[in-house]
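The values are calculated or read from the model by the stated rules, or taken from the named source; none is laboratory data. Quantities reported herein were computed from a predicted structural model and do not represent experimental measurements. Because the Cβ atoms are built from the backbone with ideal geometry, glycine has one as well, and the counts that use them run over all protein chains shown. Please note that ligands, DNA and RNA were not included when accessible areas were found on the heavy atoms of the full protein model with its side chains. Shrake-Rupley method; radii C 1.70, N 1.55, O 1.52, S 1.80 Å.
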Amino acid sequence: MLLRGIISKPLPSLRLQLKPKPETRNVVVSSQTPTNAKPYPLSISDEALESRGFVLRRSADGLNLDDLNGVFVAVGFPKRDPEKIRVALENTESLLWVEYLRTRRPVAFARATGDGVFNAIIWDVVVDPSFQGVGLGKAVMERMISELLEKGIVNIALYSEPRVLGFYRPLGFVADPDGIRGMVYSRKNKKNKNR
Amino acid sequence: MLLRGIISSPLPSLRLRLKPKPETRNVVVSSQTPTNTKPYPLSISDEALESRGFVLRRSADGLNLDDLNGVFVAVGFPKRDPEKIRVALENTESLLWVEYLRTRRPVAFARATGDGVFNAIIWDVVVDPSFQGVGLGKAVMERMISELLEKGIVNIALYSEPRVLGFYRPLGFVADPDGIRGMVFSRKNKKNKNK
């Protein structure tokens, strides 16, 4: 039996509904890649990084996944199966890493998943603890954001631990905009009446 | 110049770090697809839905994107370019929709993007306002969660508007677990010293 119109308020989508802004409205409607006339500024150039012995890499070529896993573990991730990391990276839309030339190892990393058009989520932003404090995290994030903006993606989001909210804010991230909340599924929270 | 160890606390990844739980630790380390012996329970079966004139669809085949766009607009989305929707769906890992047999049109929808291994984000959960209140949103969400869990994805997240937090909680979603906050990029929030 179809019950029509029983709920007074429609269930809105959980997609973040940004209030339309002039520079994004065309992005939403137009099928052309928007030309973003004002480039996203970088705090430190590729050349400056190179002069300090760091090279920015924009693909997984040359990225040793065991070394990457080592950085993940060093910042407190649970150890992950490198094979799973490999699959995850294949399904990742964008990734950036910083190679320390002296050792050829990754010392910073970030990646983004999404649908390539509307939404992107940035994950796994890490800087090797021995290399923190010199701007590598910011360098990676700025380039990631720039790349996503150039693709025309207007909804760039992430999940931040409380203690690094201050890292993301100056980059342009706002927590809980319009009261939107990040939610995560947890099996033990599922109300299961059919036990 | 390399400044070593200058930051006292490491920048953790922004990936949501769930406290390791017994049923997930093996998932993180093992390369096998975990067998989830306890199936995710459904509130309403496919058969029950069919008896009411609704069919669950698990691919974009037969999904009219103009009709889908119509549902998006009906719940308050900005109107989106159907071509962009098409590209987004091609880059979407999972999608589910409910077809109303009498009209052959979509009346409920949800999709998820991610890396196929670790993380998935659920987007665009919508129910046509004329069809709300009969459990279609819950039907779609439960099947989406179930599908993602069966793939072995342990981090299933979403962004919820404040007024539908109560829709997602009984499904097992928790807002800001461990103080993790959803953050969104906004160009005008970017502190730009190089204006």
Next item on the list: Starting from the Cα coordinates of region B:144-195, work out the convex hull volume and express it per residue in Å³.
Entry: 137 Å³
Notebook entry, point to check: How high is the FRET efficiency between A:Val73 and B:Ser43 when r is their beta carbon distance and R₀ equals 41 Å, given to the nearest 0.05?
Noted result: 0.55
Check: Per the 1.4 Å probe, what fraction of the accessible area of region A:143-195, in percent, lies on carbon and sulfur atoms?
Finding: 49 percent
Notebook entry, point to check: To the nearest 20 debye, what is the magnitude of the charge dipole of region A:55-115 about its Cα centre, counting +1 on the Cβ of each Lys and Arg and -1 on the Cβ of each Asp and Glu?
Noted result: 260 debye
Notebook entry, point to check: Can you give the accessible area per residue of region A:62-195, in Å², using a 1.4 Å probe?
Noted result: 35 Å²
Checklist line | region B:63-195 - convex hull of the alpha-carbon atoms, volume per residue in Å³ | finding: 156 Å³
Notebook entry, point to check: Which of the residues in region B:137-167 lose at least 20 Å² of accessible area when you go from the chain alone to all protein chains together (probe 1.4 Å)?
Noted result: B:Leu149, B:Ile156, B:Ala157, B:Leu158, B:Tyr159, B:Ser160, B:Glu161, B:Pro162, B:Arg163, B:Val164, B:Leu165, B:Phe167
Margin query: Give the average, rounded to an integer, of partner chain Cβ atoms located within 10 angstrom of each Cβ in A:83-91.
Written below: 5
Note to self: Just to be sure I understand: if I project the alpha-carbon convex hull of region A:116-164 onto a plane and average over all orientations, what area do I get in nm²?
What the structure shows: 3.7 nm²
Check: Tally Lys and Arg at +1 and Asp and Glu at -1 over the other residues with C-beta under 10 Å from the C-beta of A:Phe167: what net charge comes out?
Finding: +2
Next item on the list: Give me the accessible area buried between chains A and B, both sides summed, with a 1.4 Å probe, in Å² rounded to the nearest 100.
Entry: 10100 Å²
Margin query: Compute accessible area for region B:46-80 by itself and then with all protein chains, 1.4 Å probe, and report residues whose area falls by 10 Å² or more.
Written below: B:Arg52, B:Phe54, B:Val75, B:Gly76, B:Phe77, B:Pro78, B:Lys79, B:Arg80
Margin query: Given an 8 Å cut-off on Cα distances and at least 6 residues of separation, report the relative contact order of region B:98-188 as a percent.
Written below: 24 percent
Check: So what is Rg over Rh here for region B:83-154, counting just Cα atoms and using Kirkwood for Rh?
Finding: 1.00
